[in-house]
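Structure first, commentary second.
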Amino acid sequence: MSQDLVRLSISGTVGVITVDNPPVNALSPGVPEGLLNGVQTFNAMDDIKAIVVIGAGGKFIAGADIRFFGKERAKLPMKPQDALEQSKKPVVAAIAGFALGGGYEMALGCHYRIALANARVGLPEVTLGLLPGGGGTQRLPRLVGPALALDLIVSGRHVPAPEALSLGMVHKVFPVGSNLLAEAVHFANSIADVRPIPRIRDMKDKIKAGTPDLFDAKRKEIARRARNQESPYACIEAVEVACKTQIDEGLKWEGDKLRYLENTDESRALRYAFFAEREAQKLPDVPKGTPVKEIANAAVIGCGTMGGGIAMCFADAGIPVRVLESSQEALDRGMAKVRNNYEVSVKRGSLAADEMERRFARIEPVLDYAQIGDRDVVIEAVFENMDVKKEVFKKLDEVMKPGALILSNTSALDIDEIAGVTKRPQDVAGAHFFSPANVMKLLEVVKGKDSSGETVASTMALGKTIGKAPAATGNCDGFLANRSRAPFNSEMVILLEEGATPAQVDKVMVDFGYPMGPFAVGDLAGLDIGYAGRARRAAADPNYRKLPIADKLYEMGHYGQKTGAGWFKYEPGDRTPHRHDVVDQLIKEHMEANNIAPREISDDEILKRLLFSSVNEACKILEEGIAYRASDVDIMWLYGFGFPRYRGGLMFWADLIGGPQEVYNQISNWHQRYGERWAPSQYLRKLAESGTPFKEANGVVS
Ligand code: COA
Ligand code: NAD
């Protein structure tokens, strides 16, 4: 097997080891064996003077095969990266595409590293709840110094080759289009006789800079974002170990730590999220090979909160976009907001001023539909009102060129009804962005009953092009993301009726791992959004569970941060939430009027009431066949709602704390106590009975 995955060939006096394990040359079983065999074979051949390691298919090595973490792995007499380092003949790593994780660690075992200019290198293991366990934590600090190694290993970021060159991570960079193998062989010939061979294990100077304050400062820096996590701290400790011990001792420490981390829930969750994200790209009802439309330009209708943000997504991706508004005044206001958003990024230092100008110049304000007819895609983001949407779609049907993608950013309205006013419902789908649209990564792609496979696939592909994490759903009120989130939103307010406070609920959810509590998020987004949605649902459903405290608060003018008060009070120019007497009073009055005795509500009850209510709703959505799979729910919660990634997502988390049986039992109790809103989904009951974990729940269990 190793013969196939790793090929050996000879070019003059240079031995070439080629890793060929599509799609990404991961270090699956057979690859490490093949690499080891290659080094040993070429070291035993007298006429070979130097060795090149390269990957097939324009990629070096994407790292360990993630599917094999947590499983037994074959023990080799020696790790290939150690064998490469100890090779008596110099070894050159030739990097195209990417050298990530175990791939870059393999390159660090080599004596020289050369790369194509569009390659990326890095140690992203922390993003999978791990540490680089193939020598990376011990070799990188020796190569580039502990401060930089800490930055790279703790962030896990992919470093573009030109930057890697300036940081000393690679020796030489060749222009895109160069024949990398030929360059590598040439380079290998040029260093074949250089002695001593530069081995990272012998570099001792830079690690002297690893003083305790460096590591303490890093721990402080990550404390908030890495709360509840182990791997970022293990990464810091590993670099500290590198600075304090001999390399062989450090390598052993690193290996032991990796074996521990790969069995943590944190790593399981992050590995699951990696594959869930890729699974979400697969559309079971769209045939493979369905053509995807080229998008060279775009239009957005409405330049409000969402339209402006969506236009920025296109501009940021280099795609020219026209935004159309109903009046010059609205257009000016919207464009000023867009400009302001960019200026904030420039002030924060995350965007260069000249790059901002280039992006802003890609957004062209227009007032006339005639100016958007030739666009490849149009995304409607006008008021959430069916009549207004229908008007807009009728116009789009008249002006858009044949085959254009016609998408709506509606949060909840019926895509079929919207598509129904056009003569081309096959070209219409939902493209639901999350606020702020230029920041949040989720793109929820909504398939209408007539949306063609090509439309859905093209909208998914468009999401990728503009840097989003797309995931698909069928059409229903609120679609998958907001519908599964709705019970959480109700339950958090119902908890107040029983004596909890907004601050208590927010603290529970922040401690769980959310960046902000849900009440603070509500204040940020504006309480008018929820109010309008509740009013619409209450009008449609006489049994709708009303939220009188939330309604009264809104009616008193508490719209959130924009009015200085919502669930919390805000000082001018400051986003810090403060307890608000008015809210306390509203809660008290409600309890007195309804004879509710206040009770201590535990943090555990708060967490489970919010999240289990949504797990139950997600099960109903799966049962109705609206969602493809439970892991899509997780992707939507991770990227749309800030659910902590190291918990995998709503459904994966539910698996970790007991799975369908545990959730079903608890929900059944609450069903008896609170009535119909807690009626357990039949699908949940079936999963519990069959012992099927949520992560395996793909549609209805028969
Ligand atoms: N192990 C196993 N499978 C991997 C893998 C790995 N290290 N890296 C990628 N794959 C798989 C993906 O699951 C996907 O499979 P699918 O087609 O069945 O869904 C396929 O390879 C292509 O990956 P994808 O991410 O869609 O390709 P891309 O070109 O967008 O990105 C990478 C390529 C390498 C940048 C990206 O896959 C990546 O970041 N991989 C992980 C790198 C990493 O963390 N390495 C350290 C491991 S400890
Ligand atoms: P908004 O009120 O901020 O912006 C709507 C814009 O549309 C306004 O600038 C208005 O002038 C313009 N407009 C109205 N009618 C128009 C017409 N006929 N032609 C051209 N322009 C017109 O609203 P928003 O928050 O940006 O929401 C827009 C859409 O996005 C809604 O469907 C909403 O449900 C959805 N959405 C909103 C959020 C959010 O958090 N705000 C999140 C996801 C989706």
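Using the Cα centre as the reference, give the magnitude of the dipole from point charges on the C-beta atoms of the range 487-597 (Lys, Arg: +1; Asp, Glu: -1; all else neutral), rounded to the nearest 20 debye.
Details: 12 positive and 16 negative charges, 61 e Å.
The dipole magnitude comes to about 300 debye.
Probe of 1.4 angstrom, ligands and nucleic acids ignored: what's the accessible area per residue over the range 2-263, in square angstrom? Mind dumping the intermediate values first?
On the way: 10900 Å² over 262 residues.
Value for the range 2-263: 42 Å² per residue.
What do you get for Rg/Rh over the range 482-696 if you use C-alpha atoms and the Kirkwood form of Rh? Intermediate values should be presented prior to the final figure.
Values: Rg = 17.3 Å, Rh = 18.0 Å.
Expressed as Rg/Rh, it is 0.96.
Any idea what the alpha-carbon Rg over 2.2 N^0.38 Å comes to for the range 150-264? Working shown, then result.
Values: Rg = 17.9 Å, N = 115, 2.2 N^0.38 = 13.4 Å.
Expressed relative to 2.2 N^0.38 Å, the Cα Rg reads 1.34.
Summarise the accessible area of the range 139-215 (1.4 Å probe, protein heavy atoms) by the percent that is carbon and sulfur. Write out the running numbers ahead of the final one.
On the way: 2200 of 3690 Å².
That fraction is 60 percent.
Find, among the trypsin sites (Lys or Arg not before Pro) in the range 551-646, those assigned to loop by DSSP (not H, G, I, E, B) with at most 14 other beta-carbon atoms within 10 angstrom. Working shown, then result.
Working: sites: LYS552, LYS562, LYS569, ARG575, ARG579, LYS588, ARG599, LYS608, ARG609, LYS620, ARG629, ARG645; in loops: ARG575, ARG579, ARG599, ARG629.
Here the trypsin sites (Lys or Arg not before Pro) that fit, given the DSSP loop and packing criteria, are ARG575, ARG579, ARG599.
Excluding ligands and nucleic acids, what accessible area in Å² is computed for VAL176 using a 1.4 Å probe, to the nearest 10?
Accessible area, nearest 10 Å²: 90 Å².
Take every Cα pair under 8 Å in the chain that's 6+ residues apart, average their separations, divide by the length, and report that relative contact order as a whole percent.
On the way: 1314 pairs, mean separation 61.2, N = 702.
Across the chain, relative contact order equals 9 percent.
With contacts defined as alpha carbon pairs under 8 Å and 6 or more residues apart, what's the relative contact order of the range 2-263 in percent? Please report the intermediate quantities before stating the final value.
Numbers: 535 pairs, mean separation 49.1, N = 262.
After rounding, I find 19 percent.
Provide the gained length on full extension for the span ASN179 to ARG677, in nm with one decimal, where the gain is 0.36 nm per separating residue minus the Cα-Cα distance. Could you put the intermediate results ahead of the total?
Numbers: separation 498, 0.36 × 498 = 179.28 nm, distance 6.42 nm.
Once the chain is fully extended between ASN179 and ARG677, it gains 172.9 nm.
On the protein heavy atoms, probe 1.4 angstrom, tell me the percent of accessible surface of the range 429-518 carried by carbon and sulfur. Walk me through the numbers on the way to the answer.
Values: 1320 of 2330 Å².
Summing carbon and sulfur atoms, their accessible area is 56 percent of the total for the range 429-518.
Is there a pair in LYS608/LYS695; LYS89/LYS244; LYS257/LYS441; LYS620/LYS686; LYS293/LYS468 whose C-alpha atoms are over 20 Å apart, and which pairs would that be? Intermediate values should be presented prior to the final figure.
Details: LYS608/LYS695 18 Å; LYS89/LYS244 30 Å; LYS257/LYS441 32 Å; LYS620/LYS686 12 Å; LYS293/LYS468 17 Å.
Those over the limit are LYS89/LYS244; LYS257/LYS441.
Residues of the range 298-478: accessible area per residue at 1.4 Å, in Å²?
Details: 7070 Å² over 181 residues.
Value returned for the range 298-478: 39 Å² of accessible area per residue.
Pop a pseudo-label 7 angstrom from the Cα along the beta-carbon direction at both ASN669 and PHE275 and give the gap in nm to one decimal.
About 3.3 nm, to one decimal.
Let me check something: with ligands and nucleic acids excluded, how do HIS186, HIS111, HIS590 order by accessible area (1.4 Å probe), largest to smallest?
HIS186, HIS590, HIS111
Nothing charged except the Cβ atoms of Lys and Arg (+1) and of Asp and Glu (-1): what's the magnitude of the dipole of the chain about its Cα centre? Round to the nearest 20 debye.
Working: 86 positive and 90 negative charges, 287 e Å.
Here the chain has a charge dipole of around 1380 debye.
Sequence neighbours fewer than 8 away in the same chain don't count; with that in mind, list the aspartates and glutamates whose C-alpha is under 12 Å from LYS71.
Partners within reach: GLU262.
Hey, which of these cross-link pairs are over 20 Å Cα-Cα: LYS59/LYS172; LYS79/LYS208; LYS79/LYS252; LYS282/LYS464; LYS552/LYS588; LYS49/LYS88?
LYS79/LYS208
Give a residue-ordered list of calculated ³J(HN,Hα) values for the range 656-669 (Karplus: 6.51 cos²θ - 1.76 cosθ + 1.60, θ = phi - 60°; whole Hz; x for Gly, Pro).
In residue order, the calculated couplings are 5, 9, x, x, x, 4, 4, 5, 4, 4, 5, 5, 4, 4 Hz.
Summarise the accessible area of the range 562-676 (1.4 Å probe, protein heavy atoms) by the percent that is carbon and sulfur. Could you put the intermediate results ahead of the total?
Details: 2370 of 5060 Å².
For the range 562-676, the apolar C and S fraction of the accessible surface comes to 47 percent.
Name the residues whose placed amide hydrogens come within less than 5 Å of the amide hydrogen of ALA64, ignoring near sequence neighbours (fewer than 5 apart) on the same chain.
Under 5 Å from the amide H of ALA64 lie the amide H atoms of LEU27, GLY102, GLY103, each far enough along the sequence or on another chain.
Along the range 264-270, what does the Karplus equation 6.51 cos²θ - 1.76 cosθ + 1.60 (θ = phi - 60°) give for ³J(HN,Hα), rounded to whole Hz, x for Gly and Pro?
Per-residue couplings from phi come out as 7, 4, 4, 6, 4, 5, 6 Hz.
Calculate one ³J(HN,Hα) per residue across the range 179-188 by plugging θ = phi - 60° into the Karplus curve 6.51 cos²θ - 1.76 cosθ + 1.60, and present them in order as whole Hz with x for glycine and proline.
In residue order, the calculated couplings are 7, 5, 5, 4, 5, 5, 5, 4, 4, 4 Hz.
ALA469's amide H: which non-local residues (gap 5+, or another chain) put their own amide H closer than 5 Å, with H modeled 1.01 Å from N in plane and none for Pro or chain starts?
It is LEU442, LEU443, by chain and number.
Can you give me the relative contact order of the range 482-696 as a percent, contacts being Cα pairs under 8 Å and 6 or more apart? Before the final figure, lay out the partial values.
Working: 264 pairs, mean separation 45.4, N = 215.
Relative CO of the range 482-696 lands at 21 percent.
For the range 482-696, what is the accessible area per residue in Å², given a 1.4 Å probe and the full set of protein chains? Let's see the in-between values first.
On the way: 9210 Å² over 215 residues.
Each residue of the range 482-696 exposes 43 Å² on average to a 1.4 Å probe.
Please list the non-local residues whose amide H lies under 5 Å from the amide H of GLU380, H modeled 1.01 Å from N, same-chain partners needing a gap of 5 or more.
Under 5 Å from the amide H of GLU380 lie the amide H atoms of ILE301, LEU407, SER408, ASN409, each far enough along the sequence or on another chain.
Among 462-470, 279-287, 346-354, how do they line up from the highest to the lowest mean number of other beta-carbon atoms within 10 Å?
Answer by packing, highest mean first, reads 462-470, 279-287, 346-354.
Among all the lysines, which ones have a C-alpha under 17 Å from LYS337's C-alpha, if same-chain residues fewer than 8 places away are not counted?
LYS347, LYS562
Compute the acute angle (0 to 90°) between the alpha-carbon long axis of helix 146-155 and the principal axis of greatest extent of the alpha-carbon atoms of the chain; round to the nearest 10°.
The angle comes out near 40 degrees.
The values are calculated or read from the model by the stated rules, or taken from the named source; none is laboratory data. Fair warning: this is a prediction, and the values are worked out from it, not measured in the lab. All Cβ positions, glycine included, derive from the backbone under ideal geometry; neighbour counts span all protein chains shown. For accessibility, only protein heavy atoms count, side chains too; no ligands or nucleic acids. Shrake-Rupley method; radii C 1.70, N 1.55, O 1.52, S 1.80 Å.
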